[in-house]
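> Next up is a structure, given as structure tokens.
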Amino acid sequence: MVALFQEYLCGVRDRKLSALEEIEVPGIWFLVGMAVATIGVVSIQVASFSIHWWMGLISVLMTFFLALVACRATGETDITPVGAMGKVTQLFYGVVAPAKIITNLMTACVTAGAAASSADLLTDLKSGYLLGANPRKQFIAQFLGIFAGAIVIVPAFYLIVPTPSVLGGDQFPAPAAQVWKAVAELMAQGLSSLDSTERWALAIGGLVGLLIPLLERLLPPQARPFIPSAMGLGLAFVIPFWNTLSIFVGALIAWILTRQAKNLSLKYTIPVASGMIAGESLMGVAMAIFAMLRIMG
């Protein structure tokens, strides 16, 4: 009887594994995709930006690990630190390839693009998991979206931004790009161009970033809720103050609403917040298109 029961359990387990294998994304897809993407990215860096092939290869390797950090940050805070991840790559290439601004920027773009895409894909898969979607079909849909997005987005970008000269002006201030430019110029000039207080700030920030994860592991579980999130704390220093203030005000309103009217909060907080974010994005695109049409008119 015991042997029959064990055989039955093994059969159930095998059927479950088979069912999961049919809907999960095979690991070989990841390996093949990484190989093809690596060849493509390195080839573009070499052909278009005169970056040494080994530097391009290192940028892809760094991007793999930094994308994992970005995914964790998104999971903890719902914010993807694209700029911060790119700046880690910029700092590395500021040492490896000093005074080469193009190399500094283009390798960081690889990190930023992969970090944003990885975190977005993770969010999509998590939403699909909650809704009971098929992960493999989601992956295929995302893969097809790469080509559809490239066909639509690239011409749309050139339609809205006809020449690079308009970037950084009043119409398209591009604050994130300005920060990247400043970091690239700093790496070209060397850290010695920084004031001593700024260098101390870099050192203190790095030490705090190491200390917080260590405290999470060393302190007892009862103390962990009082340890600040390293991701959240770091993001507060790299995003504009009005973003931080908006996040704080929104979180405070949601907390008060949860305390006073829990059912109402569960029903409306996430839809309303999502609608405001999506609405702001759509209005920003609409305003850019209207401005472009007035210029063309």
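The values are calculated or read from the model by the stated rules, or taken from the named source; none is laboratory data. Predicted model only: the values in this text are computed from it and were never measured. Reconstructed Cβ throughout: ideal geometry from the backbone, glycine too, with neighbour counts over all protein chains shown.
> Taking segment 84-105 only, how many residues are among the β-branched types (Val, Ile, Thr) and buried (at least 21 other Cβ atoms within 10 Å of the Cβ)?
Residues meeting the conditions: 2.
> Is it the case that some residue within segment 129-140 is without any contact (Cβ under 8 Å) to a residue 12 or more places away in the chain and small (Gly, Ala, Ser)?
yes
For every residue, the table says whether it meets (1) exposed (fewer than 12 other Cβ atoms within 10 Å of the Cβ); (2) modelled with pLDDT of 90 or more; (3) under 19 Å from Leu91 (Cα atoms).
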position	(1), (2), (3)
Met1	yes, no, no
Ala19	yes, no, no
Val25	no, no, no
Ile28	yes, no, no
Ala35	yes, yes, no
Ser43	no, yes, no
His52	no, no, yes
Ser59	no, no, yes
Met62	no, no, yes
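> Moving on to the next point. Which residue is surrounded by the fewest Cβ atoms within 10 Å (Cβ to Cβ), if the candidates are limited to segment 196-219 and must be small (Gly, Ala, Ser) and out of contact with any helix residue (DSSP H, G or I) (no Cβ under 8 Å at 6 or more places or on another chain)?
The residue in question is Ser196.
> Could I ask something else about it? Suppose we keep only residues that are closer than 24 Å to Thr74 by Cα and not in a helix (DSSP H, G or I) within segment 183-238. Which one would you say is modelled with the lowest pLDDT?
Within segment 183-238, the match that is modelled with the lowest pLDDT is Ser229.
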